[in-house]
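Take this structure first; my questions come after.
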Amino acid sequence: MHIALDLSPVVHRKAGLATYAQNIAVQVQQAAQTLPNMRLSAFHYDRDVKAPLQPPLAQLPCQTVAWPARRWRLTVALRYFVGGAMDDAVFGPPSSAAGPRVFHATEHLLPPLAQAKRVFTFHDAIFALFPQYHLPMNLLYLNTMMPRFLRRADAIIAVSECSKRDCVRLYGVDPAKIRVIYEGVNPRYRPIHDPKRHAHVREKYHLPPKFLLYLATIEPRKNLVALVEAYHALLNTEHADDVHLVIAGKKGWLFQPVFDRVRELGLESRVHFTDWVDDDDAPVMMSMAEAFVFPSLYEGFGLPPIEAMACGTPVVCANTSSLPEVVGSAGLLFDPADVRWLAQALVRVLFDAPMRAELRARGLMQAAKFSWQNAARETLQVYHDVVAK
């Protein structure tokens, strides 16, 4: 069996999608070495990549399409309407020894394939539920193509029960076609107390001595304007004047209102933007933080809070979409539409010592439930099931 994994999110640094594709691929690659008659390859569009594949994934045979994102996406869409398969673009020239073929679409893009089984990971329905937070062309593309991708898929992996419900409710997909497979926590996320590593990361990203941390993409859905406003309210409380706010992660889209609100509230010296954070630095930064704050309005899974919990950091998290399902009682939940509630949660997580200790203990236990090894094992079973059909 020849399995081709779309690693485009990895080489183009697509934040959460990259984390998913990277970890699934690494674990599937390790498992495939012990299974007979299984061949694994990588695929990505655009040879001008931001982050070339690193070992062990760099060892995989890799098929690439030279086109940039827009041309690749439009060509895929066009083939759905005018016909024509794209097997050779994904798998390379046909081989009689290749056996059954499986293509795993790890992001929301499934090329039309005639000689392969198609596995599609449905991460979320953000574009359908919050259209105001998407760029017009991206919104048009996903609204047009998502129903077609889901119909063409032989099996769908949903990253949470919430995503499965949205997939069924919005697109009428047969629930029997969908398998919920939770994401996992990379072993690099653990409590790190090494003073040298702390000092290195603090200097590299110009971090203040004491800070609250958000680490994910900067985009409207993440609700960062509310976080900035809640932090501003926090500064009016006693003993909070030495606490800064660090917003870490790359700019996504429609991010300017966050920077504007920081300036309007006069918080330029207290709110720190780091941009992209290297994978090895993220767990150090999380371990250094007083608390991790995740005010997102909607998440298909919501991996950053679980990663922070794995680092032993108290987590303050929105109570929407999949987040209560994933975080459970291990985080301090709040209504992301209520800035006052969020500000009160920040006060509690900073100054209620017994609760901080309880959140740390619960968080470590909750994070231990999510494993990329388990996710890969269940994903391999999906591959075998679609071939068996």
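The values are calculated or read from the model by the stated rules, or taken from the named source; none is laboratory data. Because the structure is a prediction, the values reported are computed rather than measured. Note that we place each Cβ from the backbone using ideal geometry, even for glycine, and neighbour counts take in every protein chain shown.
Would you point out which residue out of Gly300, Gly331, Gly312, Gly266 is small (Gly, Ala, Ser), surrounded by 19 or more Cβ atoms within 10 Å (Cβ to Cβ) and without any contact (Cβ under 8 Å) to a residue 40 or more places away in the chain?
Every option except Gly331 fails the conditions.
OK, next. Please count how many residues of the range 278-297 are part of a loop (DSSP other than H, G, I, E, B) and of a type in the set (Gly, Ala, Ser).
Residues that pass the stated criteria total 2.
Hey, any hits in the range 52-72 for a residue that's more than 30 Å from Arg165 (Cα to Cα) and either of a type in the set (Val, Ile, Thr) or surrounded by 21 or more Cβ atoms within 10 Å (Cβ to Cβ) (or both)?
yes
Taking the stated definitions as given, is Ser287 closer than 24 Å to Phe370 by Cβ, in contact with a strand residue (DSSP E or B) (Cβ under 9 Å, 6 or more places away or on another chain), polar (S, T, N, Q) and crowded, with 17+ Cβ neighbours inside 10 Å? Don't jump to the end; show me each part of the working.
On the way: closer than 24 Å to Phe370 by Cβ: yes; in contact with a strand residue (DSSP E or B) (Cβ under 9 Å, 6 or more places away or on another chain): no; polar (S, T, N, Q): yes; crowded, with 17+ Cβ neighbours inside 10 Å: yes.
Answer is no for this residue.
Given the criterion over 17 Å from the mean Cα position of the chain (by Cα), in a strand (DSSP E or B) and more than 17 Å from Leu17 (Cβ to Cβ), identify the matching residue among Val102, Val119, Val90.
Going through Val102, Val119, Val90 in turn, the sole match is Val102.
So Phe81 ticks every box in (1) under 22 Å from the mean Cα position of the chain (by Cα); (2) within 20 Å of Leu150 (Cα to Cα) but one. Which box is left unticked?
With respect to (1) under 22 Å from the mean Cα position of the chain (by Cα); (2) within 20 Å of Leu150 (Cα to Cα), Phe81 is out only on (1).
How about the range 214-236: which of its residues are farther than 17 Å from Gly266 by Cα, modelled with pLDDT under 95 and polar (S, T, N, Q)?
Thr217, the sole residue that qualifies.
Assess whether Ala85 counts as being outside any helix (DSSP H, G or I), within 27 Å of Met38 (Cα to Cα), among the aliphatic types (A, V, I, L, M) and in the same structural domain as Met38 (by TED's automatic domain parsing).
Answer is yes for this residue.
Continuing with this model, one more query. From the list Leu254, Leu215, which residue is touching a Leu at 6+ places or on another chain (Cβ under 8 Å) and closer than 19 Å to Lys14 by Cα?
Among Leu254, Leu215, only Leu254 is touching a Leu at 6+ places or on another chain (Cβ under 8 Å) and closer than 19 Å to Lys14 by Cα.
Looking at (1) at pLDDT 95 or above; (2) not assigned by TED's automatic domain parsing to the domain that holds Gly99, can you tell me which one Gly302 breaks?
For Gly302, the exception is condition (1).
Consider the range 3-50. How many of its residues are among the hydroxyl-bearing types (Ser, Thr, Tyr), surrounded by 20 or more Cβ atoms within 10 Å (Cβ to Cβ) and free of Cβ contacts under 8 Å to residues at least 40 places away in the same chain?
Of the residues in the range 3-50, 1 are among the hydroxyl-bearing types (Ser, Thr, Tyr), surrounded by 20 or more Cβ atoms within 10 Å (Cβ to Cβ) and free of Cβ contacts under 8 Å to residues at least 40 places away in the same chain.
Could you pull out the residue among Phe120, Phe81 that is within 18 Å of Leu142 (Cβ to Cβ), out of contact with any strand residue (DSSP E or B) (no Cβ under 7 Å at 6 or more places or on another chain) and not hydroxyl-bearing (Ser, Thr, Tyr)?
Result of the check over Phe120, Phe81: Phe81.
Which of the numbered conditions does Arg148 fail, given that it passes all the others? Conditions: (1) more than 30 Å from Phe273 (Cβ to Cβ); (2) outside any helix (DSSP H, G or I).
(2)
Same structure, new question: Is it the case that Glu183 is among the acidic types (Asp, Glu) and either under 28 Å from Glu229 (Cα atoms) or touching a Lys or Arg at 6+ places or on another chain (Cβ under 9 Å) (or both)?
no
Moving on to the next point. Restricting to the range 75-106, count the residues that are within 30 Å of Phe301 (Cβ to Cβ), surrounded by fewer than 19 Cβ atoms within 10 Å (Cβ to Cβ) and in contact (Cβ under 8 Å) with a residue 60 or more places away in the chain.
Of the residues in the range 75-106, 3 are within 30 Å of Phe301 (Cβ to Cβ), surrounded by fewer than 19 Cβ atoms within 10 Å (Cβ to Cβ) and in contact (Cβ under 8 Å) with a residue 60 or more places away in the chain.
Okay, moving on. Taking only pairs six or more apart or across chains, which ones have beta-carbon atoms under 9 Å, a first residue in the range 276-294 that is not assigned by TED's automatic domain parsing to the domain that holds Leu245, and a second residue that is hydroxyl-bearing (Ser, Thr, Tyr)?
Close Cβ pairs satisfying both conditions: none exist.
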